[in-house]
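To keep things clear, I will list the structure first and then write my remarks on it.
Values in this text are rule-based calculations from the coordinates and carry no lab data. None of the values given here were measured: they were computed from a predicted structure. Here the Cβ positions follow ideal geometry from the backbone for every residue, glycine too, while neighbour counts run over all protein chains shown.
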Amino acid sequence: MSLLEETATKLAQRAMEMIVKTGDEKIEQRIADEIGASSPTLQETYLTAMRILKAERRGILLLEKYDKGEDIPVAQISSIPQDDGGH
């Protein structure tokens, strides 16, 4: 893993931990804005890492529902990203 990917992944993991802990979804964009001021490349890699972590979290939460035997509605297929943060 490159220094860029490693740094972005660490930042994304910490940001995700804070988002889960606080419920504040704005943390993701605040970090992106801050690092983007110095390194747009790191910003893009961080945002990609965040998308991956959010997708993973959604998958884990769905698996937990299956494990509990909950009724799971069929997901709607959409070409619109589910994690665009309202942008």
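Considering only residues that are under 21 Å from Arg58 (Cα atoms) and in contact (Cβ under 8 Å) with a residue 24 or more places away in the chain, look in the stretch 21-40 and name the one that is surrounded by the most Cβ atoms within 10 Å (Cβ to Cβ).
Glu28
Here's a check for you: in the stretch 41-67, which residue that is small (Gly, Ala, Ser) and surrounded by fewer than 14 Cβ atoms within 10 Å (Cβ to Cβ) is farthest from Glu5 (Cα to Cα)? Walk me through how you get there before you give the answer.
Of the residues in the stretch 41-67, the ones small (Gly, Ala, Ser) are 49, 55, 59.
The next check asks that each one be surrounded by fewer than 14 Cβ atoms within 10 Å (Cβ to Cβ); those that pass are 55, 59.
Details: Ala55: 18, Gly59: 22 Å.
The extreme case among them is Gly59.
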